[in-house]
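No lab work stands behind these numbers, since they all come straight from the coordinates. What you see is a predicted model, and the numbers here were worked out from it, not measured in a lab. Virtual Cβ from ideal backbone geometry, glycine too; neighbours counted across all protein chains shown.
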Amino acid sequence: MDQPPLTPLVAGLPATVPFIGPETQERASGRAFVARLGANESAFGPSPRAIAAMHLAANEVWMYGDPEGFDLRADIAANHGIPRAHVVLGEGIDGLLGTLVRMLIAPGDAVVTSAGAYPTFNYHVTGYGGALHSVPYRADHADPDALAAKAHEVGARLVYLANPDNPMGSWHSGARIATLLDALPEKCLLVLDEAYIEFAPGGTSPHVAADDMRLVRMRTFSKAYGLAGLRIGYALGAAPLISAFDRVRAHFGVGRLAQAAARAALADQDYLASVVRRTEAARVRIADIGAASGLQALASATNFVTLDCGGDGALARRCVSELAARDVFVRMPGIAPLDRCIRISAAPPPMLDLLQDRLAEAVHAAKSS
Ligand SMILES: *Cc1c(COP(=O)(O)O)cnc(C)c1O
């Protein structure tokens with residue numbers, strides 16, 4: 001039989017994926033990375049209590065997870081001091097973004113983001129036929145004024161902002177985000193991606209009422225909690241929006257191990273604090289390692305440091321590939337002028353020792369080729 005016809009929407013999509021995995025690169029090169037510093041995973045690992053919870057849950061893994069995620073949602077709600085009806089679980093922020101776009105964006109609906117911001121959001125918007133509009137960063141920060149102005153101009157239904165930002169590591173105060181909310185058009189929802197909020201200074205998350213209809217917040221267990229491989233995150237928003245997720249979400253998408261591990265991780269706030277402290281130390285060290293090779297660190301409120309290579313995108317791309325040739329995995333922003341930089345994830349000292357050993361040589365090779 002011929003290939004079954006794709007829907008016109010899917011047939012018209014580019015065959016690109018938002019991220020090429022380090023595993024793909026390893027298969028292509030036939031070599032394993034020795035320092036995995038490109039995906040902002042937490043090489044500090046999860047809480048030992050989360051690992052113990054997974055061991056216990058492993059015996060019960062023949063059972064589906066609770067499709068309502070009742071206990072974990074209750075824990076998250078208690079952690080935020082809000083009712084459980086404001087919390088929905090999903091397969092990481094990536095999964096939740098897809099569900100949200102599916103819920104709110106019909107083909108042709110306008111959506112606004114920043115040029116060079118988190119590409120998985122764009123991927124879902126395009127995948128559901130939304131019309132994506134973008135505004136430039138301003139001095140390596142997402143630009144709330146430009147986002148609001150563009151939202152008015154195009155009649156946006158959704159505006160995306162990651163705070164703190166990936167890939168630049170920059171951030172705005174919660175007060176600034178609250179101002180953005182007030183500046184958005186009627187019936188426009190702000191998707192506030194707070195994947196890195198645990199690493200940010202106090203006051204980075206806006207104080208907004210739990211039932212505020214203008215905002216949905218996304219949180220994840222992938223970064224500070226060190227559980228990226230499990231796929232678990234959650235969204236916080238007004239109860240009617242949160243309950244609308246039930247109409248389309250994958251009800252068994254968050255597995256039993258993920259729910260058990262996330263509960264244990266959330267309960268171990270001391271461990272979280274230790275990861276945040278070790279991440280801060282790693283950021284300082286990455287900045288020093290970069291400076292020794294003439295790369296300037298940008299300020300970061302995340303678990304990575306963005307280093308300005310001091311040239312154009314081609315130079316930064318050569319730095320990334322010279323590091324890969326030396327078995328060090330890093331990534332870089334995709335769009336100018338952000339693409340003059342490379343992005344290096346925080347990690348424990350042994351991995352940063354490897355970075356220190358190899359960065360100078362990689363930068364030298366990138367500059368002389
Ligand atoms: C890492 C990252 C995510 C992905 O989170 P998951 O919960 O693992 O899907 C989402 N948004 C931003 C900005 C990120 O950097």
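What's the ranking of 5-11, 136-142, 246-252 by average number of surrounding C-beta atoms within 10 Å, highest first?
136-142, 246-252, 5-11
Please work out the FRET efficiency for the pair S205 and R27, using the Cβ-Cβ distance as r and a Förster radius of 41 Å; give the result to the nearest 0.05.
On the way: r = 39 Å, r/R0 = 0.95.
The calculated FRET efficiency here is 0.55.
Given springs between every Cα pair under 10 Å in a Gaussian network model of the chain, which of F304, F19, F44 has the largest fluctuation?
Of F304, F19, F44, the Gaussian network model singles out F19 as fluctuating most.
Starting from the Cα coordinates of the range 149-287, work out the convex hull volume and express it per residue in Å³.
Output value, Cα hull per residue: 137 Å³.
Along its principal axes, what span do the Cα atoms of the range 76-228 show, with the longest given first and each in whole Å?
That works out to 38, 32, 28 Å along the principal axes.
For R138 and E280 in the same chain, what is the full-extension length gain: residue separation times 0.36 nm, less their Cα-Cα distance, in nm? Don't skip to the end; give the middle numbers.
On the way: separation 142, 0.36 × 142 = 51.12 nm, distance 2.50 nm.
The R138-E280 span can extend by a further 48.6 nm.
How much length, in nm to one decimal, is gained on full extension between A178 and A267, taken as 0.36 nm per residue of separation minus their Cα-Cα distance?
Here the answer is 29.1 nm.
Ranked from highest to lowest mean number of other Cβ atoms within 10 Å per residue, what is the order of the peptides 205-211, 361-367?
361-367, 205-211
As a check on your grasp of the helix formula, calculate [θ] at 222 nm for the chain: sum -39500 (n - 2.57) over DSSP H runs of n ≥ 4, divide by the residue count, round to the nearest 500. Walk me through the numbers on the way to the answer.
Values: 13 runs with 152 residues, N = 369.
Only helices count here, giving -12500 deg cm²/dmol.
For the chain, what class follows from the C-alpha gyration tensor (a ≥ b ≥ c being the square roots of its eigenvalues): rounded when a/c is under 1.5, otherwise prolate if a/b is larger than b/c, else oblate? Don't skip to the answer; put the middle values down first.
On the way: a/c = 1.42, a/b = 1.21, b/c = 1.18.
It comes out rounded by the Cα gyration axes.
If contacts are Cα pairs under 8 angstrom and at least 6 residues apart, what is the relative contact order of the chain in percent?
For the chain, the relative contact order is 23 percent.
By per-residue mean of other Cβ atoms within 10 Å, what is the highest-first order of 194-203, 167-176?
Peptide ranking by packing, descending: 167-176, 194-203.
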